[in-house]
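Structure first, then comments.
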Amino acid sequence: MAGRFANRRAVVTGGAAGIGASIAARLALEGARVSVWDLDPSKSQAAHKLALDVTDPDAVQRAADSTAAALGGIDILVASAGISGPNGPVWEYPIAAWKQVIEVNLNGVFYCNRAVVPHMLRGEYGRIVNIASVAGKEGNPNASAYSASKAAVMGLTKSLGKELAKTNIRVNCVAPAAVRTAIFEQMKQEQIDFMLSKIPMGRFGTVEEVGALVCWLASEECSFSTGAVFDVSGGRATY
């Protein structure tokens, strides 16, 4: 398996923890030169890492340009940076929190996609994998901002995939159900139990399972799929 990404240059946003860290580690294990973009990249083992706020479009553009210069190009983007936001009904949802979730989860993905595509076009090759969520398909109660942002990421992915379909750049997204990460420590047990009750397999996903799918989508083998949403949901997704 080692060597699938030999000579490939990959960017993973939010790559210092959770799902992003697992993806970054696997890409590196299989030969990629990985650049981790994260608010706090200090925990990342990547050789190339940048402290980056994905909600700053100018900073994202500078990160893309400097990473391409350092690595000799950008072949792969995994847009994993995201936040869950608070829980509560729509009519009580804090407006500032709504704006923050949309800014990170949707606009941040847009800024990163927008910044790397010209580098991929110059290299005549690219794979973009945006991390969405099954919440974007089903609309989790008391998580309207998160659900809306992830649904929008799916729409963005479909649009960009069609725009680049005649090139050698593929754009897809992954929609995981709940995956056990450190964020569970911030949740109430009843919320965890509710999420688990929705998964027919009766267990949460693992970061390794999400990473395995992402790495296929980031590989040359993914040649005829673009603008698509791939579920990794333990049977939860219904369409």
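The values are calculated or read from the model by the stated rules, or taken from the named source; none is laboratory data. Worth saying up front: this structure is predicted, and the values here are computed from it rather than measured. Cβ sites come from the backbone with ideal geometry, for glycine too, and all protein chains shown count toward neighbours. Accessible surface areas use protein heavy atoms only, side chains included; no ligands, DNA or RNA. Shrake-Rupley method; radii C 1.70, N 1.55, O 1.52, S 1.80 Å.
Nonpolar atom fraction for region 1-118, defined as the carbon and sulfur part of the 1.4 Å probe accessible area, stands at 57 percent.
Ranking A28, M195, V60 by Cα position along the charge dipole of the chain, where only Lys, Arg, Asp and Glu carry charges on their C-beta atoms, puts A28 farthest toward the positive end.
A dipole drawn for the chain from +1 and -1 charges on Cβ atoms has a positive end, and of I83, S133, A16 the residue lying farthest that way is S133. When +1 charges are put on Lys and Arg Cβ atoms and -1 charges on Asp and Glu Cβ atoms, the dipole computed for region 184-239 relative to its Cα centre reaches about 260 debye. Remark: the chain carries 47 Å² of accessible area per residue (probe radius 1.4 Å; ligands, DNA and RNA excluded). Consider all pairwise Cα distances in the chain and report the whole-number % of them above 31 Å. Of all Cα-Cα distances in the chain, 17 percent exceed 31 Å.
Each Cα pair under 8 Å and six or more residues apart adds its sequence gap; the mean of these over the residue count of region 1-129 is a relative contact order of 25 percent.
Counting only DSSP beta bridges whose two residues both lie in the chain, roughly 0 percent are antiparallel.
With 0.36 nm allotted per residue and the present C-alpha distance subtracted, the R114-R203 stretch has 28.5 nm of extension available. Which entries in K43/K198; K99/K137; K43/K166; K99/K166 show an alpha-carbon gap greater than 30 Å? Too far apart for the 30 Å limit: K43/K198; K43/K166; K99/K166.
The relative contact order of the chain comes to 19 percent, based on Cα pairs under 8 Å that sit 6 or more residues apart. If you look at the Cα atoms of region 1-126, you get an Rg and a Dmax of 15.3, 51 Å. For the chain, find the longest principal axis of its Cα atoms and tell me its angle to the long axis of helix 57-71, 0 to 90°, nearest 10. Long axis of 57-71 versus the principal axis of the chain: about 40 degrees.
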